[in-house]
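Asker: Structure below; questions to follow.
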């Protein structure tokens, strides 16, 4: 296209002709490739969870702002703790009309199950954000800080306090094991199907604490039913608008500040099938940058108190390599690795 325009400019002798060519250049496609049929957006998890919410938000933003000519269709493939969805992308080699939203089960599922899959079996597109985890307790309990809760857990004795979480051998249980190792405590880990159920169980007093994502417990926190003790990150969440009558997300100390030296954040990223072409990858990187620039995305980031780290290209690949090594260490220490 560029070469063709250049040759025609050389043969153009009038200002009118030159203006027409400039207009043609302005309307030329920004990319050499764009989808030619509906794009399947795979969610390797069930409906209603964080990954599903993010995928459907991206879908809505793309439609609202007309960022893509072809439809973006969300498809949930949650079988095998997400393995079904990841394998579907792995097997779609060279197909640019399939993308997948990922979370940390990108690492934990193959490690825990032995399913033949690795993040390198797909093409990394972009890290959209990192999701936070908060240590929550029931607001009716007397613990005013994470340190007080840990002290009470120690005083109660081993395996007396119940930590609720989503799934087994996944992020919530990994954080629980890391918390135990950092503090010398021992919880009874109680798995549930999703973060919403986990929050309800904590409000009902059936468990003593959870490590839910902010968006999974914000309604109960706002209602004064739960207490946010600390966030598992190296710095406080930046959002300073009050969520409860007295607290913003920024008012929650890091767990390290609270005397509980544990940190963990969860990937929210987008991948493509293996073997796609550079111009196909470039299209989706540009698309996601446009999504990230919308007010809708900014509102969602603040509502869910996300860590707004965005990466693509080599920095994202390096992050993935480091995160895989970290998860392997955590999973091995916890005894969660599948037998070889």
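Asker: Semi-axes of the equivalent ellipsoid for the stretch 134-251, please: Cα gyration tensor eigenvalues, times 5, square-rooted, ordered largest first, whole Å.
Answerer: Rounded to whole Å, the semi-axes are 21, 15, 14.
Asker: Against the longest principal axis of the chain, how steep is helix 146-156, in degrees 0 to 90 to the nearest 10, with axes from Cα atoms?
Answerer: 40 degrees
Asker: Subtract the Cα-Cα distance of residue 338 and residue 148 from 0.36 nm times their separation in residues, and report this length gain in nm to one decimal.
Answerer: Answer, rounded to one decimal: 64.9 nm.
Asker: At 222 nm, what value in deg cm²/dmol follows for the chain if DSSP H runs of at least 4 each add -39500 (n - 2.57) and the sum is divided by all its residues, to the nearest 500?
Answerer: Rounded to the nearest 500, the figure is -13000 deg cm²/dmol.
Asker: If one puts a single equal scatterer on every Cα of the stretch 224-268 and applies the Debye formula without solvent, what log₁₀ I(q)/I(0) results at q = 0.32 Å⁻¹?
Answerer: Treating every Cα as an identical point scatterer, log10 I(q)/I(0) equals -1.12.
Asker: Given the chain, what percent of its DSSP beta bridges are antiparallel, to the nearest 5?
Answerer: 60 percent
Asker: Most exposed first by the Cβ proxy, i.e. fewest other Cβ within 10 Å, how do 123, 244, 166 rank?
Answerer: Lowest count first: 244, 123, 166.
Asker: Looking at the stretch 134-251 only, what percent of DSSP beta bridges run antiparallel? Nearest 5 please.
Answerer: For the stretch 134-251, the DSSP antiparallel bridge percentage is about 55.
Asker: How many percent of all Cα-Cα pairs in the chain sit more than 33 Å apart?
Answerer: 34 percent
Asker: Test of understanding: ordering 280, 34 by Cβ neighbours within 10 Å, fewest first, what list do you get?
Answerer: Lowest count first: 34, 280.
Asker: Using a/c under 1.5 as the rounded threshold, could you call the stretch 70-117 rounded, prolate or oblate? The axes a ≥ b ≥ c are square roots of the C-alpha gyration tensor eigenvalues, and prolate needs a/b larger than b/c, oblate otherwise.
Answerer: The shape class here is prolate.
Asker: Moving on to the next point. Taking 51 Å as R0, compute the FRET efficiency from the Cβ-Cβ separation of residue 299 and residue 93 and round it to 0.05.
Answerer: 0.90
Asker: If you don't mind, there's one more thing I want to ask. Between residue 141 and residue 314, what FRET efficiency comes out of the Förster formula 1/(1 + (r/R0)^6) with R0 = 41 Å and r the beta carbon distance, rounded to 0.05?
Answerer: The pair residue 314/residue 141 has a calculated efficiency of 0.30.
Asker: How do 195-203, 262-270 rank on mean C-beta neighbours within 10 Å, highest first?
Answerer: With the highest mean Cβ count within 10 Å placed first, the list reads 262-270, 195-203.
Asker: Related question: Order these by the 10 Å Cβ neighbour count, fewest first: 232, 86.
Answerer: By the 10 Å Cβ count, ascending, the order reads 232, 86.
Asker: Another question, if that's okay. Efficiency by 1/(1 + (r/R0)^6): what FRET value for residue 33 and residue 159, r their Cβ-Cβ distance, R0 = 41 Å, to the nearest 0.05?
Answerer: Once the sixth-power term is evaluated, E becomes 0.15.
Asker: May I ask you to compute the full-extension gain from residue 279 to residue 325, defined as 0.36 nm times their residue separation minus their alpha-carbon distance, rounded to one decimal in nm?
Answerer: Additional length available on full extension: 13.6 nm.
None of the figures in this text is laboratory data; all of them are computed from the coordinates on show. Computed from a predicted structure; not experimentally measured. Neighbour counts run over all protein chains shown; Cβ positions are idealised from the backbone, glycine included.
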